[in-house]
1. Return P(r) of the stretch 98-154 (all Cα-Cα pairs; 10 Å bins starting at 0; whole %; ordered from short to long distances).
2. Pop out the ³J(HN,Hα) list for the stretch 51-67 in order, Karplus 6.51 cos²θ - 1.76 cosθ + 1.60 with θ = phi - 60°, rounded to Hz; leave Gly and Pro as x.
3. In square nanometres and to one decimal, what's the mean projected area of the convex hull around the Cα atoms of the stretch 157-200?
4. Debye calculation, C-alpha points only, no solvent: report log10 I(q)/I(0) for the stretch 16-80 at q = 0.12, 0.21, 0.28 Å⁻¹, in the same order as the q values.
5. For GLN58 and ARG89, compute 0.36 nm times the residue count separating them, minus their Cα-Cα distance, and round to one decimal in nm.
6. Taking R0 as 22 Å, what's the FRET efficiency between GLU152 and HIS73 from their Cβ-Cβ distance, rounded to 0.05?
7. Compute the relative contact order of the chain as a whole-number percentage, counting only Cα pairs closer than 8 Å that sit 6 or more residues apart in sequence.
8. Count neighbours as other Cβ atoms within 10 Å of each site's Cβ, and list the chymotrypsin sites (Phe, Trp or Tyr not before Pro) in the stretch 114-200 that are DSSP loop with at most 16 such neighbours.
Amino acid sequence: MCPVVTRGTPIADATIVAIGLHGRALGAASAIELADRLALPGIAFVIPEADARSWYPQSFLAPLAANQPHLDHALARVTELVDGLALPRQRIFVIGFSQGACLALEWLSRAPRSIGGVIAFTGGLIGPPGTTWPTTAIADTPVLLTTSDIDEWVPLDRVRETATVLAARGARVTLHERPGRPHLVDAFEVAMARAMLARA
């Protein structure tokens with residue numbers, strides 16, 4: 001069982017609870033730092049750390065079998081955290097960076113019901129080229145995708161494909177492409193995410 005830390009408003013007093021998923025090898029400390037940048041009154045952050053600080057071992061574009069059983073364990077961990085909050089799902093967000101963003105989007109794709117929203121900083125749906133994802137409706141779920149045109153880990157084409165797939169299933173997708181931005185979360189992206197959380 002991976003450890004969990006909390007940040008921001010106490011969960012019992014929070015209007016929104018966001019599950020923060022760190023990137024590959026970065027650990028919970030990076031998600032805590034991002035949560036501090038996103039902090040707003042009334043928002044609690046629940047931040048797990050993956051075993052060995054990675055949610056799955058290979059690229060998110062590798063054949064799905066290459067990332068098993070780790071991927072299924074990671075998806076189950078997100079479900080466990082969401083269900084454990086015992087809150088209306090409209091009050092729950094999942095936020096991730098890089099590998100954590102990919103996990104957040106894949107979890108949403110497989111989720112049986114909509115949630116308050118997903119914020120994915122540089123991530124895309126998981127699977128090799130040609131993957132077919134579920135088609136069940138995730139109507140009205142806000143999804144913020146941010147990425148770079150030069151990112152070496154997450155191809156821009158996959159992020160655009162992710163936006164198309166989720167929008168076709170009813171999600172309200174906003175995609176921001178950051179020209180020349182390195183593999184990080186910049187101030188513009190933080191501002192966009194804070195605005196989305198504030199609207200919620």
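Bear in mind that the values in this text are calculations on the coordinates, not laboratory data. Nothing here was measured: the structure is a model prediction, and the numbers come from that model. Counting neighbours? That spans all protein chains shown, and the Cβs are built from the backbone with ideal geometry, glycine included.
1. 23, 53, 22, 1
2. Residue by residue, the stretch 51-67 yields 4, 6, 6, 9, 7, 7, x, 9, 4, 5, 9, 6, x, 4, 4, 5, 9 Hz.
3. On the way: hull surface 14.9 nm².
Projected over every direction and averaged, the Cα hull of the stretch 157-200 covers 3.7 nm².
4. -0.34, -0.86, -1.18
5. Details: separation 31, 0.36 × 31 = 11.16 nm, distance 3.04 nm.
The GLN58-ARG89 span can extend by a further 8.1 nm.
6. On the way: r = 27 Å, r/R0 = 1.21.
About 0.25, to the nearest 0.05.
7. Across the chain, relative contact order equals 19 percent.
8. Working: sites: PHE121, TRP153, PHE188; in loops: TRP153.
Those that pass, being in a loop and sparsely packed, are TRP153.
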